[in-house]
Each structure stands twice: as C-alpha cells, then as structure tokens.
Amino acid sequence: MTTATLIQVRVNDKPVEVPEGQSLGALLIQLEMPLQATAVALNEDIVARSEWDVTVLSTGDRIALFQAIAGG
C-alpha cells in the first residue's frame, strides 16, 4: 500500500496540505466551499469554473477564494 505524497499550497494565505496531483475542484470540495457562489484565483489569475477539475495544484500555489455575497 502506498501513501500519497502531500504538497503544501496556500489558501487565502493559510497553509493547506493536499495530495500531490489534486485538482483545484477537488480542493474546493475538500474545503466544503459553496461551488455556485465561489470565484477562484490561482497565483493571481482567475480560473474559469470549467477549468477547476483539470487544473492540477503544485507545491507553493497560492489560491484566493472569493464568495459572492447578496445584499446592497
């Protein structure tokens, strides 16, 4: 049985360990983010929702999560 190698990324400036090869979409599910109301920047570039599941995270990636808030 092999153990998954963990890498460290930063989510909103907090360190988070994820398995090597994990997608951005899987990270959002792991963090229990409300996917419909979330926007994501990876290393300061916005990532389209359609790219979340094919964007593989790398050591040191900086992820910024933004949530839409209703109101006025």
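The values are calculated or read from the model by the stated rules, or taken from the named source; none is laboratory data. What you see is a predicted model, and the numbers here were worked out from it, not measured in a lab. Positions of Cβ are generated from backbone atoms using ideal geometry, with glycine treated the same way; all protein chains shown enter the neighbour counts. Each accessible area value is taken on the protein alone, full model and side chains, heavy atoms only, with ligands, DNA and RNA left out. Shrake-Rupley method; radii C 1.70, N 1.55, O 1.52, S 1.80 Å.
Observations on the model:
- Within this structure, Glu44 passes the test of being within 16 Å of Asn12 (Cα to Cα), at pLDDT 95 or above and not hydrophobic (A, V, I, L, M, F, W, C).
- Annotation: of all residues in region 56-65 being among the β-branched types (Val, Ile, Thr) and over 9 Å from the mean Cα position of the chain (by Cα), the one that is least open to solvent (accessible area, probe 1.4 Å) is Val56.
- Counted residues, region 28-51 - those being in a helix (DSSP H, G or I) and either closer than 18 Å to Gln67 by Cβ or touching a residue at least 40 places away in the same chain (Cβ under 8 Å) (or both): 7
- Positions within region 47-72 being closer than 14 Å to Asp13 by Cβ and either of a type outside the set (Gly, Ala, Ser) or modelled with pLDDT under 95 (or both), in sequence order: Asp61, Arg62, Ile63, Leu65, Phe66
- Which listed residue is among the small types (Gly, Ala, Ser), outside any strand (DSSP E or B) and touching a helix residue (DSSP H, G or I) at 6+ places or on another chain (Cβ under 6 Å), from Gly25, Gly21: Gly25
- Members of region 13-47 found to be in contact with a strand residue (DSSP E or B) (Cβ under 9 Å, 6 or more places away or on another chain), open to solvent by less than 50 Å² (accessible area, probe 1.4 Å) and over 21 Å from Thr3 (Cβ atoms), listed by number: Leu24, Leu28, Met33, Ala37, Thr38, Ala39, Val40, Ala41, Leu42, Val47
- Filtered residues of region 1-12 (kept if over 16 Å from Val40 (Cα atoms) and open to solvent by 50 Å² or more (accessible area, probe 1.4 Å)): Met1, Thr2, Thr3, Ala4, Thr5, Leu6, Gln8
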